[in-house]
Amino acid sequence: QVQLVESGGGLVQPGGSLRLSCAASGRIFKINDMGWFRQAPAIQREFVATIFSDGNTHYSYSVKGGFTISRDKAKRTVYMEMNPLKPEDRADYYCQQEVVRMGTIYAHSYWGQGTQVTVSS
């Protein structure tokens with residue numbers, strides 16, 4: 001069993017910042033790529049950022065230059081610094097990790113429960 005637990009969401013004023021975290025636990029052999037997605041009300045879930053196992057990163061055009069994704073392999077945790085936040089960044093944010101479980105050779109995608117980010121004055 002693998003679980004991802006997210007934290008760090010909340011209410012912030014426009015121009016403010018937040019740091020999201022997503023920690024994996026369970027019978028994990030290794031974790032490949034990690035990423036963040038978001039879903040605003042009445043809008044399809046969209047890609048935000050990913051960090052590959054070699055440390056390279058990729059961002060959606062809408063957040064490039066403002067959001068920073070990072071990872072701590074030892075802690076099995078992915079982070080995302082969001083600064084500056086804009087009202088259009090309001091959404092539920094979900095982390096995703098490509099996990100190879102103990103005793104297996106293939107990676108499977110796991111998702112966090114979501115954390116809400118509200119940007120409002």
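Looking only at segment 100-112, decide whether some residue is open to solvent by less than 70 Å² (accessible area, probe 1.4 Å), out of contact with any Pro (no Cβ under 9 Å at 6 or more places or on another chain), under 13 Å from VAL48 (Cβ atoms) and without any contact (Cβ under 8 Å) to a residue 60 or more places away in the chain.
Taking every residue of segment 100-112 in turn, none turns out to be open to solvent by less than 70 Å² (accessible area, probe 1.4 Å), out of contact with any Pro (no Cβ under 9 Å at 6 or more places or on another chain), under 13 Å from VAL48 (Cβ atoms) and without any contact (Cβ under 8 Å) to a residue 60 or more places away in the chain.
One residue is enough: does segment 20-27 have a residue meeting the conditions in contact with an Asp or Glu (Cβ under 7 Å, 6 or more places away or on another chain) and of a type in the set (D, E, K, R)?
No, segment 20-27 contains no residue that is in contact with an Asp or Glu (Cβ under 7 Å, 6 or more places away or on another chain) and of a type in the set (D, E, K, R).
What is the number of the single condition among (1) over 17 Å from THR118 (Cβ atoms); (2) in contact with a Leu (Cβ under 7 Å, 6 or more places away or on another chain); (3) of a type outside the set (Val, Ile, Thr) that GLU6 does not meet?
All conditions are met except number (1).
Which residues, taken from segment 30-70, are among the charged types (D, E, K, R) and in a loop (DSSP other than H, G, I, E, B)? I'd like the intermediate steps shown before the answer.
Taking segment 30-70 as the starting set, the residues that turn out to be among the charged types (D, E, K, R) are 30, 33, 38, 45-46, 54, 64.
Selection gives ARG45, ASP54, LYS64.
Select, from ARG27, ARG45, ARG38, ARG19, the only residue that is of a type in the set (Lys, Arg), open to solvent by less than 70 Å² (accessible area, probe 1.4 Å) and out of contact with any Leu (no Cβ under 7 Å at 6 or more places or on another chain). Spell out the reasoning first.
Working: ARG27 fails: open to solvent by less than 70 Å² (accessible area, probe 1.4 Å); ARG45 fails: open to solvent by less than 70 Å² (accessible area, probe 1.4 Å); ARG19 fails: open to solvent by less than 70 Å² (accessible area, probe 1.4 Å).
From the options ARG27, ARG45, ARG38, ARG19, the qualifying one is ARG38.
Looking for something touching a residue at least 60 places away in the same chain (Cβ under 8 Å) and open to solvent by 80 Å² or more (accessible area, probe 1.4 Å) - is there at least one such residue anywhere in segment 57-72?
To start, the set of residues in segment 57-72 that are touching a residue at least 60 places away in the same chain (Cβ under 8 Å) comprises none.
No, segment 57-72 contains no residue that is touching a residue at least 60 places away in the same chain (Cβ under 8 Å) and open to solvent by 80 Å² or more (accessible area, probe 1.4 Å).
Write out, first by first residue and then by second, each pair whose Cβ atoms fall under 6 Å of each other, whose residues are 6+ apart or on separate chains, and whose first residue, in segment 1-16, is more than 11 Å from ASN83 (Cα to Cα) while the second is open to solvent by less than 60 Å² (accessible area, probe 1.4 Å) and among the hydroxyl-bearing types (Ser, Thr, Tyr).
Listed pairs, sorted by first residue: VAL2/TYR110; GLN3/SER25; LEU4/TYR110; GLU6/THR115; SER7/SER21; GLY8/SER21; GLY9/THR115; LEU11/THR118.
Which of the residues belonging to segment 73-88 are under 18 Å from GLY35 (Cβ atoms), surrounded by 15 or more Cβ atoms within 10 Å (Cβ to Cβ) and out of contact with any Phe, Trp or Tyr (no Cβ under 8 Å at 6 or more places or on another chain)? If you could, list the steps in order and put the result at the bottom.
Quick first cut of segment 73-88, residues under 18 Å from GLY35 (Cβ atoms) only: 73, 75-82.
With the extra rule that they be surrounded by 15 or more Cβ atoms within 10 Å (Cβ to Cβ), the set shrinks to 76-80, 82.
Selection gives ARG76, THR77, TYR79.
The values are calculated or read from the model by the stated rules, or taken from the named source; none is laboratory data. This is a predicted model, so every value here is computed, not measured. Please note: Cβ atoms are built from the backbone with ideal geometry, for glycine as well, and neighbour counts cover all protein chains shown. All accessible areas refer to the heavy atoms of the entire protein, side chains included, with ligands and DNA or RNA removed. Shrake-Rupley method; radii C 1.70, N 1.55, O 1.52, S 1.80 Å.
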